[in-house]
Amino acid sequence: MGKFNVKHIDRYILKQFLGTFFFAMVLILAISVVFDINEKIDKFLKPEVPLKAIVFDYYLNFIPYFGSMICPLITFIAVIFFTSKLADKSEITAMLASGMSFRRIMLPYWIGAAIIAMGTFALDAFVIPKGNVTRIAFQNKYLKNNAVVYANNIQLEVSPGVFAYFDNYNDKSRMGYRFSLEHFENKKLVSRLTAASIKYDTLYKWQVIDYIIRDFDGMYEHVTQGSRKDTTLAIIPSDFLISANDCEKMTTPELSQYISRQKKRGVANIQTFEIEYYKRYASIMAAFILTCIGASLSSRKIKGGMGLNIGIGIGLSFSYILFTTITSTFAVSGLVSPMVASWIPNFLYSLIAIFLYLKAPR
């Protein structure tokens, strides 16, 4: 087979791969939007819900968000579908008979997987989080408000040696109650501020109300009292008012900074943010693993035909998504680290991919 023909086959396979992927993605997204509209139609018909907000604030951002979620499934189905068609028409057999190795045939598959993986990662890391801000705000306003506006027993490190405590905080009134701020040097308490309440103003700007400041100098104590005092604290309500979907509103660099800042402050319940962070990187590998499994599984012509391959492929892809969900639950409960939980499915399905690749026709 000549060099020109090999390149022609590469373009042909890549075109089939990406064409099938985008067609399947559009089809599944269209069906998903119809089902979502049907589920929420009673709330959309309320007079206070504007049609413009439904279209532009919700669905314009829902489509890329949901598309990213089902991308591994669509990739797998696309590879299974068009590869089964190639095998059914004996085109893969012809390629192998002409002298092309299965390894060489896989080259356009890897290119297609790389395009999908990089595109999905770029969307997940930078584009979709910005849209999620608008989509989630719409959901909280018109559908179901899942925003966290109240918290109890908040304790965190504001800066090295400085610890803040709120008995409770209400974001609707922007008020915290029974507030204290303690400053330690060499593990010794040097200053302590207590206040009946504290009010959040703007970024890092707070106002303590009915406060007492005690400064300690050896055996001496200096006490300052007042009714109101403006102060600057390197904390904001979002540092401790954590909703389940807050991680979806952050770009990958923002997620990294947030996780680092929260760990330094001693905040414990950030597993969801860590899972989201590592999952975005793990999804890159997932595209290659599922492509390898799909191509290896469906490249052989079998009696069951294309339907059997598609059935097996859908089963494997759903099991991958289910396993990812299960391991994420383990991370939230603290049984495994978020990084391990995000990569366990890739590791196990890599073994399946290697096995099927070695069993593929040569």
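Values in this text are rule-based calculations from the coordinates and carry no lab data. This is a predicted model, so every value here is computed, not measured. Methodologically, a virtual Cβ is constructed for each residue, glycine included, from the backbone with ideal geometry; neighbour enumeration extends over all protein chains shown.
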Gain on full stretching of the segment that runs from Ile31 to Asp88 - 0.36 nm per residue minus C-alpha separation: 17.7 nm
Answer label, with Cα Rg over 2.2 N^0.38 Å calculated from the coordinates and candidates [x] 1.32; [y] 0.97; [z] 1.02: [x]
Extension gain, Gln207 back to Ala137 (0.36 nm per residue minus Cα-Cα distance, nm): 22.4 nm
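Would you compute, from DSSP H runs of 4+ residues alone, the mean residue ellipticity of the chain at 222 nm, taking -39500 (n - 2.57) per run and dividing by the full residue count, rounded to the nearest 500?
Roughly -19000 deg cm²/dmol at 222 nm, from the helical runs in the chain.
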Farthest toward positive dipole pole in the chain [+1 Lys/Arg, -1 Asp/Glu at C-beta], among Thr327, Leu107, Ala151: Leu107
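Mind putting a number on the dipole of the chain about its Cα centre? Charges go on the C-beta only, +1 for Lys and Arg and -1 for Asp and Glu, and I need it in Debye to the nearest 20.
Using only the charged Cβ atoms, the result is roughly 1400 debye.
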Furthest towards positive pole of dipole, Ser283, Leu96, Ser317, structure part the chain, Cβ charges: Leu96
Calculated FRET efficiency for the pair Phe23/Val158, C-beta based, R₀ 51 Å, to 0.05: 0.45
Mean Kyte hydropathy of -0.5 or more with a Cα span along the axis of at least 20 Å, helices from DSSP in the chain: 3-44, 60-88, 107-122, 271-298, 305-333, 338-359
Positive-end extreme of charge dipole, the chain - chosen from Cys247, Gln225, Val340 (charges on Cβ): Val340
Low-density loop cleavage sites - trypsin sites (Lys or Arg not before Pro) in the range 154-223, where at most 12 other Cβ are within 10 Å (DSSP): Lys172, Lys187
Overall form of the range 150-239 per C-alpha gyration tensor (a/c, 1.5; a/b vs b/c): prolate
Pair Phe355, Ile314: separation of 7 Å Cα→Cβ label points (nm): 2.3
Net charge of neighbours whose Cβ lies under 12 Å from the Cβ of Ser296, counting Lys and Arg as +1 and Asp and Glu as -1: +4
Of Lys172/Lys229; Lys130/Lys229; Lys46/Lys205; Lys40/Lys172, those spanning more than 30 Å from alpha-carbon to alpha-carbon: Lys130/Lys229; Lys46/Lys205
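Given R₀ = 41 Å, what would the calculated FRET efficiency be for Arg214 paired with Lys144, taking r from the Cβ atoms and rounding to 0.05? The partial results should precede the final answer.
Details: r = 45 Å, r/R0 = 1.11.
Here the calculated transfer efficiency is 0.35.
Work out the length of the dipole vector of the range 156-229 about its Cα centre, built from +1 on the beta-carbon of each Lys and Arg and -1 on the beta-carbon of each Asp and Glu, and round it to the nearest 20 debye.
For the range 156-229, the charge dipole is close to 240 debye.
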Cα-based shape type of the range 22-176, given that a ≥ b ≥ c are square roots of the gyration tensor eigenvalues and the cut on a/c is 1.5: oblate
Extended-chain gain in nm, criterion 0.36 nm per residue less alpha-carbon gap, Gln225 and Arg174: 16.1 nm
